[in-house]
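Novice: My questions will all concern the structure given below.
The values are calculated or read from the model by the stated rules, or taken from the named source; none is laboratory data. Given the structure is predicted, the values throughout are model-derived calculations rather than measurements. Virtual Cβ from ideal backbone geometry, glycine too; neighbours counted across all protein chains shown. Note: accessible area is taken over every heavy atom of the protein model, side chains too, but ligands, DNA and RNA are not part of it. Shrake-Rupley method; radii C 1.70, N 1.55, O 1.52, S 1.80 Å.
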Amino acid sequence: MTDTSDPVPVLIVDDDPSMRAALRQWIRLAGFETREVATADQAIAQLNPGFEGCVVTDVMLEGEDGMSLLRRIKDLDADLPVVLITGHGDVPMAVDAMRAGAYDFVEKPFDPDHIAEVVRRACDKRTLILENRSLRTQLEESAGLESRLIGASPAMQALRQQILHFARTDAAVLITGETGTGKEVIAQALHDFSPRQGGPFMAINAAALPEAMVEAELFGHEAGAFTGADRQRTGRIEAASGGVLFLDEIVSMPLALQPKLLRVLQEKKIDRIGGTKPVEVDIRLISAANIEPAEAVQSGRLREDLLFRLNTIELRVPPLRERGRDALLLFDTFLNRFAVQYGLEAPVTSARDEAFLQTYSWPGNVRELRNAAERFVLNAPVSPQPLETLVTGQRDPSAALAGGGLKELMDAYERNLIEGALRRHGGRISDVMNELNLPRRTLNEKMTRLGLSREQVGQSDAAES
Ligand SMILES: Nc1ncnc2c1ncn2[C@@H]1O[C@H](COP(=O)(O)OP(=O)(O)OP(=O)(O)O)[C@@H](O)[C@H]1O
Ligand SMILES: [Mg+2]
């Protein structure tokens, strides 16, 4: 028995009604759902590359024989099992059939138990093939997403899982997070990994357009609808039909337009400005906000009823400073990407750079870090400087660090430096002393004060103490 909950379908192809009845009886008794057709064309019409069961066909069909049907099925899906029913003594044909990719053949007159057994094995095999296929797709998808939305922190891993999961649905998704955290990357991924991937991805950023233009951009207009509208123009909502409409910075959507937008989203129909009849639209809605949407509702910038249309699913993207060591991973990846792009060598980061990467507050998040990596690569051959200087410029470096008083900042800074060096040297104290130019005693004192141990960060089997 196959272990799926719905009965697995078996397509019976035979032009003889009494033969179909007999097959139906035995195959149903074995626990399968049966579908019956009389010709090869009808059979092909019933099948698709994801067909969950197997096909049982007579080799002698009117018009077209079972062998040619077998080939057509193999073209459709090479892994779809086909069981052939052959006349008595048709051994050469059966051999040919096996060569052409038939799963098995059963000789007439057949034994009911035998046919049930063959069908069962064919369907079990089919279930396994389909499971493998879906696993492979999932693996490919998550690998693809991992290189677009980089991050090994638990928060980013969970976020990637959610994206792949919600991409399969048509639910409205609202993405919230500070500037530069990757909201647009996520919106694009939700489109690219969804069944709408072949459809358009239409983005509109209300904050980037003059208020007066937003309406025409969104809804489009007929020629002559207003002064300056000399040609008919399709709005972004209409152009997004069949795909995704991405409403970026939703909080900047002019308040006066929000009821009209809401109506379109509810009715899935739009009226062009100056148009006479509404146009149907089929869109999936993704939106983004870089401030807390609930606060925008409080302050009267965003209508609550519109928010409720947008936030069926809410994905929160954490700021970079809350992603642990992801800053290191991202920086390293960007260094290599820019090095390739500019045909330069990827510069080496120092302990100080790495400490900075982890302690800086990154108010511009991944975008800021990416820009820093680009400048770091470009500057390295001519005027190498510590990353910190490059990023904070003339600013007092401590002011740029996240939270806490001077003492906490200094401690955090020291801890990161020492931790980074310990990690790089696999916990070998003498190498850390060398790199940081510290006597053993001072290093030991600092490590004790900062609660660091070499076992914790490096390898406990390091050569010496
Ligand atoms: N996790 C990530 N991995 C790789 N690149 C990233 C990641 N997050 C963001 N980026 C890159 O950082 C830059 C900013 O990302 P994005 O434009 O998606 O941010 P945003 O949240 O939409 O920002 P804003 O609110 O300012 O519009 C882009 O170049 C994007 O490719
Ligand atoms: Mg954005």
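Novice: Just need a number here: residues in the stretch 62-82 that are buried (at least 21 other Cβ atoms within 10 Å of the Cβ) and either of a type in the set (A, V, I, L, M) or at pLDDT 95 or above (or both). Write out each step before concluding.
Specialist: If we filter the stretch 62-82 for residues that are buried (at least 21 other Cβ atoms within 10 Å of the Cβ), which is where we start, we get 66, 69-70, 73, 80-82.
Among the residues that remain, those that are also either of a type in the set (A, V, I, L, M) or at pLDDT 95 or above (or both) are: 69-70, 73, 80-82.
Going through the stretch 62-82 one residue at a time, the tally reaches 6.
Novice: Hey, does the stretch 293-309 have a residue that's in contact with a Leu (Cβ under 7 Å, 6 or more places away or on another chain), closer than 20 Å to F193 by Cα and modelled with pLDDT of 95 or more?
Specialist: no
Novice: Let me ask something additional. Which of the residues that make up the stretch 161-190 are in contact with a helix residue (DSSP H, G or I) (Cβ under 6 Å, 6 or more places away or on another chain), within 11 Å of ligand 1 (Cβ to nearest atom), part of a loop (DSSP other than H, G, I, E, B) and not charged (D, E, K, R)?
Specialist: Selection gives G177, G180, T181, G182.
Novice: Among the residues of the stretch 430-453, are any of a type in the set (S, T, N, Q), at pLDDT below 90 and open to solvent by less than 30 Å² (accessible area, probe 1.4 Å)?
Specialist: No, the stretch 430-453 has no match at all.
Novice: Still on this structure, please answer the following. Of the residues that sit in the stretch 129-179 and are within 16 Å of ligand 2 (Cβ to nearest atom) and open to solvent by 50 Å² or more (accessible area, probe 1.4 Å), which one is nearest to R196 (Cα to Cα)?
Specialist: R148
Novice: What's the total number of residues in the stretch 298-335 that are free of Cβ contacts under 8 Å to residues at least 40 places away in the same chain and among the charged types (D, E, K, R)?
Specialist: 2
Novice: Taking the conditions exactly as written (among the β-branched types (V, I, T), away from ligand 1 (no atom under 16 Å from the Cβ) and under 27 Å from the mean Cα position of the chain (by Cα)), does I237 satisfy them or not?
Specialist: Working: among the β-branched types (V, I, T): yes; away from ligand 1 (no atom under 16 Å from the Cβ): yes; under 27 Å from the mean Cα position of the chain (by Cα): yes.
Spelling it out, I237 is indeed among the β-branched types (V, I, T), away from ligand 1 (no atom under 16 Å from the Cβ) and under 27 Å from the mean Cα position of the chain (by Cα).
Novice: Restricting attention to the stretch 3-31, which residues are assigned to a loop (DSSP other than H, G, I, E, B) and either aliphatic (A, V, I, L, M) or open to solvent by less than 20 Å² (accessible area, probe 1.4 Å) (or both)? Write out each step before concluding.
Specialist: Filtering the stretch 3-31 down to residues assigned to a loop (DSSP other than H, G, I, E, B) leaves 3-8, 14-16, 30-31.
If the condition is that a residue be assigned to a loop (DSSP other than H, G, I, E, B) and either aliphatic (A, V, I, L, M) or open to solvent by less than 20 Å² (accessible area, probe 1.4 Å) (or both), then V8, D14, A30 are the ones that fit.
Novice: Would a scan of the stretch 143-160 turn up a residue that is assigned to a loop (DSSP other than H, G, I, E, B), away from ligand 1 (no atom under 16 Å from the Cβ) and within 14 Å of the chain's Cα centre (by Cα)?
Specialist: Quick first cut of the stretch 143-160, residues assigned to a loop (DSSP other than H, G, I, E, B) only: 149-153.
Checking which are away from ligand 1 (no atom under 16 Å from the Cβ) leaves us with none.
Within the stretch 143-160, none of the residues are assigned to a loop (DSSP other than H, G, I, E, B), away from ligand 1 (no atom under 16 Å from the Cβ) and within 14 Å of the chain's Cα centre (by Cα).
Novice: Please go through the stretch 66-96 and pick out each residue that is more than 37 Å from the chain's Cα centre (by Cα) and free of Cβ contacts under 8 Å to residues at least 24 places away in the same chain.
Specialist: Narrowing the stretch 66-96 to residues more than 37 Å from the chain's Cα centre (by Cα): 66-69, 83-96.
Within the stretch 66-96, H88, G89, V91, P92, A94, V95 qualify.
Novice: From (1) surrounded by fewer than 21 Cβ atoms within 10 Å (Cβ to Cβ); (2) within 16 Å of ligand 2 (Cβ to nearest atom), pick out the condition that doesn't hold for A187.
Specialist: Every listed condition holds for A187 apart from (1).
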